[in-house]
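Below is one structure, written out as structure tokens; comments come after it.
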Amino acid sequence: MSKTTCVSLSSLAAAIGMAVALAPTDARACGGLFCSSANPVNQAAERIIFSHNGNGTVTAAIEVQYEGPSERFAWVLPVPPGEVTIGVSSKVAMDRLDSQTNPSYRLNRIFGPECAQVQFGAGGLGATAANDGAPAPQATTTPTPPPSVEVLDEGTAGPYDYQTIKVNAELDDPAEVAIQWLGDNNYDVGELGPDVLRPYLESGLNLVAFRLTKGTDSGSIRPVMITYDSEQPFIPIRPTAVAANEDMGVKVWVLGASRAIPQNYYHLELNESLINWFNPNSNYNDLVTAAADEAGGQGFVTEQSGPAGAFAESMYSASDEQRWDNLRTGQFQSIQAFLQTAISSFSAYDGFIDVLKDPTALPLREGATPEQFMACITCYFQEDVAVRNEAYPSTPFDPETDPLLDMDVLAFLDKMDELVITPLVETRALFDNASSVTRMYTTMSPDEMTVDPAFDFNPELEDISNLHVADQLMECTVVEGPEWRVELSQGMIVEGNGTTWPLDLDSGLPANFRITQLATTGPGEEIDANAIMIGSMLTDMGIGEMMPDVADPTAEPDPSDDPEDPSAEPDPEDPVDEGPSAKQDDDVGDDPVDEGMDEEPPSEDPSSEEPGDTMDPEDTVEDPDSENADEAAATPEGCGCATVGESSPVRHSGWALVGLLGLAALRRRRR
């Protein structure tokens with residue numbers, strides 16, 4: 001007789017309040033204006049989320065990438081002295097954040113009236129003996145010297161065992177002692193030598209050493225979450241050089257009160273004329289690499305900055321909470337139905353396979369593995385020997401004696417909460433508690449990993465949208481010359497024919513539009529400005545120019561522009577003037593500007609922004625002010641949208657925390 005089990009589950013934790021889900025809107029318009037859907041650039045790189053907590057601590061969620069035998073996995077992380085809290089984060093949360101903040105490029109194709117609208121493609125505790133009130137004997141021996149290596153803390157977090165150690169700074173060579181201790185304690189440090197650790201130990205940092213818990217394979221590796229005492233986020237990149245690939249990707253999100261900046265690395269603005277706007281995935285990473293190389297390998301592209309709360313929902317969503325609630329409180333007719341729901345809802349989440357590997361949570365019978373069970377749960381419950389397959393070759397299911405029928409459901413849910421749900425919730429909390437998030441990206445080669453990046457904040461800088469939009473003006477009746485021209489927000493015009501972008505990284509143009517050394521206040525110091533050179537080169541090549549209403553960003557204001565008010569200098573932060581009739585001098589009130597300005601060529605695109613201006617995401621996505629917006633809303637039929645390629649190269653990176661080192665200023669200005 002079969003045993004039927006009815007499982008009734010009560011709620012184990014209070015529900016977490018959810019923010020409203022953010023659903024990005026794909027802006028489309030009809031009648032003369034066609035748009036490509038926003039095409040994200042997917043960079044494969046090791047990822048770090050930093051949270052400046054505002055209380056003298058920093059939390060870092062660090063993705064660990066490793067290929068090789070699990071018994072050889074070891075990871076050594078320098079950390080500042082003080083309390084260190086270690087846990088795990090979620091790769092699922094990082095994937096979602098990555099997807100929402102990826103840079104995207106969209107072309108709005110504008111057709112003239114003559115065009116047909118065509119669709120485009122610990123240590124132990126001491127004890128003292130009682131002495132019946134007698135005076136304690138006085139010490140007559142020399143005090144015991146401090147140990148060479150002191151274990152400050154140890155424990156387990158997710159799939160990792162860890163130890164935090166302090167190396168005696170009075171030793172002749174603390175770094176040599178640290179390497180010896182790590183090896184003696186079964187940490188396979190590979191090529192990590194004392195020269196790499198020495199600068200960190202000399203700076204007074206401690207070390208956290210990680211290895212996989214015995215019996216855990218490398219498939220359980222997941223992001224680590226660590227909170228430590230510090231006023232700033234740091235990435236000690238130098239230990240990474242031991243095993244780094246060429247042009248290794250480093251992707252960082254920094255959470256805090258305002259937009260984050262690379263403090264001792266340069267801020268890079270890519271030359272958008274070198275982006276292949278028809279397929280941005282094809283050369284974006286190569287362009288970032290070229291831009292970083294121009295900055296001596298020490299610069300970051302700020303790909304996005306904005307309110308952190310907008311991304312909290314993606315870390316742990318309302319649908320995640322609903323699925324978790326259903327599993328905790330649902331009525332299930334059998335253990336099989338309960339476990340089938342768990343697998344269908346959470347099998348793709350990191351940590352779930354580790355729940356199945358815990359025999360106190362899932363007591364599988366002999367011969368069945370967690371991986372087999374997750375792959376074919378119905379196979380596990382088959383009673384007919386004739387249908388035995390390679391998944392369960394040992395014994396068939398016995399409905400009277402199988403250990404799974406007596407599983408502790410609450411133990412299973414507790415383990416789910418610990419390994420799957422809590423890491424998501426805690427990662428989301430970083431975004432709930434921050435005002436702003438900034439995403440930065442770069443690539444580095446081992447010989448460039450000489451300075452450890454540090455990050456700070458500048459509340460005076462504007463946010464940066466990850467959505468980049470350009471207008472492609474189609475010339476359908478042209479007999480000779482370009483079939484289209486693309487107007488970029490940086491002020492460049494690129495002309496071409498067909499569906500091939502006319503520029504690439506071999507064109508000779510600089511990869512950076514501008515290189516800036518940012519500070520905690522002000523706009524920063526401009527190191528290299530290439531706008532004029534780019535425009536001149538486009539003209540010489542016969543495939544474009546710089547828009548006439550874009551001024552040289554390096555030029556000093558000319559007081560002669562307003563002889564009656566020499567102090568009225570133009571503000572480089574102001575938007576581009578909309579034409580002579582629209583120009584007003586704030587100091588003069590309603591008086592017209594100097595007549596000499598009437599001779600300035602009118603702007604071909606009054607909505608164009610100054611170089612360096614950022615785009616409002618609402619304007620770029622919905623463009624409610626465009627002349628076609630109303631028409632698009634009224635007549636959605638017939639819109640054509642182009643799709644850009646999805647391929648992307650794979651990169652690898654590693655990191656560690658470290659103190660700040662100075663960066664020799666790069667003063668390489670193009671002429």
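Things to note:
- For GLU460 and ASP358, the difference between the fully extended length at 0.36 nm per residue and the C-alpha to C-alpha distance is 31.7 nm.
- A Förster distance of 45 Å, applied to the separation of the beta-carbon atoms of GLU526 and ASP195, puts the FRET efficiency at 0.80.
- Pairs exceeding a 26 Å alpha-carbon distance, out of LYS91/LYS415; LYS91/LYS166; LYS214/LYS415; LYS91/LYS357; LYS251/LYS415; LYS91/LYS214: LYS91/LYS166; LYS251/LYS415.
- Modelled spin labels at ARG72 and ASN185, positioned 7 Å past Cα toward Cβ, are 2.3 nm from each other.
- Both radii were evaluated on the Cα set of region 431-519; the Rg over Rh quotient, with Rh as the Kirkwood radius, amounts to 1.09.
- Given their separation in residues at 0.36 nm each and the Cα-Cα distance between them, GLU246 and THR369 gain 40.4 nm when the chain is fully extended.
- Label positions at THR477 and ASP95, each projected 7 Å from the Cα along the C-beta direction, are separated by 5.3 nm.
- Note on ASN433 and GLN322: with the Förster distance fixed at 30 Å, the Cβ-Cβ geometry gives a FRET efficiency of about 0.80.
- Alpha carbon centroid spacing (whole Å) that separates region 49-85 from region 256-316: 23 Å
- Cα-Cα separations in region 248-374 greater than 27 Å, expressed as whole percent: 52 percent
- Using a simple spin-label model with pseudo-atoms 7 Å out from Cα toward Cβ, SER347 and SER218 lie 2.5 nm apart.
- The GluC sites (Glu not before Pro) found in region 288-352 include none that occupy coil by DSSP while having at most 10 further C-beta atoms within 10 Å.
- Within the shell of other residues whose beta carbon sits under 15 angstrom from the beta carbon of GLU71, the net charge comes to -1, with Lys and Arg scored +1 and Asp and Glu -1.
- Estimated at 0.36 nm per residue, the fully extended path between ASN168 and SER507 surpasses their Cα-Cα distance by 116.5 nm.
- Model label zone, GLN382; criterion: amide N under 19 Å from point 7 Å along Cα-to-beta-carbon; scope region 340-364: 340, 364
- The GluC sites (Glu not before Pro) of region 53-87 that meet both conditions, a loop assignment by DSSP and at most 14 other Cβ atoms within 10 Å of the site Cβ, are GLU67, GLU83.
Only the coordinates and a few stated rules stand behind these numbers; no lab work does. Every value quoted in this text rests on a predicted model; they were computed, and no experiment measured them. Note: ideal-geometry Cβ built from the backbone for every residue, glycine included; neighbour counts use all protein chains shown.
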